[in-house]
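Here the structure is laid out as structure tokens; the discussion comes afterwards.
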């Protein structure tokens, strides 16, 4: 094996565009109709297919080009979405102060020792406890400065609390 061995032979971009055009027209056809249209397309585009086959053979491809084309159209191009979906932009991660997490851990331990097992009840007790009020206000200011709304702040607190509850319950 030399360093120039090719393991995946790709169609030229012009030929791939022809295949994509065929696929777009026949994407939703039934199997029989699709296969019939494929046969007609192959007959009409025999020159382009022969040219592509020669190009691939010159590169060292020994596989059947018709079979490779059919599989590309039928199982790859046909399944591709028409519109490329843009990935969602991730929002900036906001860390929670370690002292808050320690406060949560202490409260969760208190809840577990007193057999308060519902996360909703534990969280409600945590929020309503007077000793936590100052810490919660300070944390709210920090989080609001980083660009979150009050609604997002409440969700962040709940999620952090419930995650810590889950982690400590498992121990």
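Tabulated data for the structure shown
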item	result
Qualifying residue in region 149-162 (condition: surrounded by 11 or more Cβ atoms within 10 Å (Cβ to Cβ) and either outside the structural domain of residue 102 (by TED's automatic domain parsing) or not in a helix (DSSP H, G or I) (or both))	no
Test: residue in region 25-35 that is surrounded by 10 or more Cβ atoms within 10 Å (Cβ to Cβ), in contact with a helix residue (DSSP H, G or I) (Cβ under 9 Å, 6 or more places away or on another chain) and closer than 30 Å to residue 157 by Cα	no
Residue match in region 107-114 (condition: in contact (Cβ under 8 Å) with a residue 60 or more places away in the chain and in a helix (DSSP H, G or I))	yes
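Conditions (1) free of Cβ contacts under 8 Å to residues at least 24 places away in the same chain; (2) more than 35 Å from the chain's Cα centre (by Cα), marked per residue:
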position: 55; (1), (2): no, yes
position: 71; (1), (2): yes, no
position: 76; (1), (2): yes, no
position: 89; (1), (2): yes, no
position: 122; (1), (2): no, no
position: 130; (1), (2): yes, yes
position: 134; (1), (2): yes, yes
position: 137; (1), (2): yes, yes
position: 140; (1), (2): yes, no
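The values are calculated or read from the model by the stated rules, or taken from the named source; none is laboratory data. These numbers come from a predicted model, not from an experiment. Reconstructed Cβ throughout: ideal geometry from the backbone, glycine too, with neighbour counts over all protein chains shown.
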